[in-house]
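Peer 1: Structure in structure tokens, see below.
The values are calculated or read from the model by the stated rules, or taken from the named source; none is laboratory data. Owing to the predicted nature of the structure, the values given are computational and were not obtained by experimental measurement. As a convention, Cβ positions derive from the backbone with ideal geometry for all residues, glycine included, and neighbour counts pool all protein chains shown. SASA here: full protein model, heavy atoms, side chains in, ligands and nucleic acids out. Shrake-Rupley method; radii C 1.70, N 1.55, O 1.52, S 1.80 Å.
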Amino acid sequence: MPRPLGELEDAVMTRVWQWNRPVTVREVLEDLQQERSIAYTTVMTVMDNLHQKGWVRREVEGRAYRYTAVSTRAAYAAALMNEAWSRSDNPAAALVAFFGMMSPDQRDALDDAVRIVQRDTPLPPPAPPAPREEAGREEAGREEAGREEAGREEAGREEAGGETGTEER
């Protein structure tokens, strides 16, 4: 499972995710420099590390690489939550505590997500209805009548001289 991104890795990936297009080191550098003093080689190293870790793929364009996110920020967040939850010795208690920390907006988002999952998850086929007691008695009565009829037919054949309805030749 993924380790959390470092501070600079997260700053770089935030841009890659937000821009949602292939980006160059230079583009990321120029945007980061609006917030902090940072060298081209530092951004290049971070983006190379993100490539090595599988967070971005890269393609050569001229003399530079263009980097594209391999997955979404939502998938990254979900993987981190799943990792933390799977490490709990009491997953139900962990979920209760997590839900208790949520803001009203986060609870609304959770409600929306649950509705989407319920809508997209096919329901199992309905179970056959349990037989009614009366229907069970009616069925038993039909079976008994069928056995009586078969018994009368067998008795009629025996009286006619054939043991099982076969004729002598």
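Peer 1: Being of a type in the set (Val, Ile, Thr) and either within 20 Å of the chain's Cα centre (by Cα) or open to solvent by less than 70 Å² (accessible area, probe 1.4 Å) (or both) is the filter here; which residues of the range 92-116 pass it?
Peer 2: Kept after step one, since they are of a type in the set (Val, Ile, Thr), are these residues of the range 92-116: 96, 114, 116.
Val114, Ile116, listed by residue number.
Peer 1: Output the qualifying pairs, or none if there are none: Cβ atoms under 8 angstrom, residues six or more apart or on different chains, first residue in the range 12-29 and in contact (Cβ under 8 Å) with a residue 40 or more places away in the chain and part of a helix (DSSP H, G or I), second residue of a type in the set (D, E, K, R) and open to solvent by 30 Å² or more (accessible area, probe 1.4 Å).
Peer 2: Pairs found: Met13/Arg73; Thr14/Arg73; Trp17/Arg73.
Peer 1: Which of (1) part of a helix (DSSP H, G or I); (2) within 28 Å of the chain's Cα centre (by Cα); (3) more than 30 Å from Leu110 (Cβ to Cβ) is the odd one out, the single condition Asp48 does not satisfy?
Peer 2: (2)
Peer 1: Identify all residues within the range 87-134 that are at pLDDT 75 or above, of a type in the set (D, E, K, R) and in a helix (DSSP H, G or I); write none if there are none.
Peer 2: Matches in the range 87-134: Asp105, Arg107, Asp108, Asp111, Asp112, Arg115, Arg119, Asp120.
Peer 1: Can you give me the number of residues within the range 61-82 that are part of a loop (DSSP other than H, G, I, E, B), small (Gly, Ala, Ser) and over 28 Å from the mean Cα position of the chain (by Cα)? Even if it seems obvious, please write down each step before you answer.
Peer 2: Filtering the range 61-82 down to residues part of a loop (DSSP other than H, G, I, E, B) leaves 62-63, 70-72.
Narrowing further to those that are small (Gly, Ala, Ser): 62, 71.
From the residues that got through so far, the ones that are over 28 Å from the mean Cα position of the chain (by Cα) too are 62.
Residues meeting the conditions: 1.
Peer 1: Residues of the range 31-69 being closer than 13 Å to Leu5 by Cβ and either open to solvent by less than 80 Å² (accessible area, probe 1.4 Å) or at pLDDT 95 or above (or both), which ones?
Peer 2: Once the filter is applied, which keeps residues that are closer than 13 Å to Leu5 by Cβ and either open to solvent by less than 80 Å² (accessible area, probe 1.4 Å) or at pLDDT 95 or above (or both), the range 31-69 yields Val46, Met47, Asn49, Leu50, Gly54, Trp55, Val56, Ala69.
Peer 1: I would also like to ask the following. Of (1) without any contact (Cβ under 8 Å) to a residue 12 or more places away in the chain; (2) touching a Ser or Thr at 6+ places or on another chain (Cβ under 9 Å); (3) assigned to a loop (DSSP other than H, G, I, E, B), Arg58 satisfies all except one. Which?
Peer 2: In the conditions (1) without any contact (Cβ under 8 Å) to a residue 12 or more places away in the chain; (2) touching a Ser or Thr at 6+ places or on another chain (Cβ under 9 Å); (3) assigned to a loop (DSSP other than H, G, I, E, B), Arg58 misses (3) alone.
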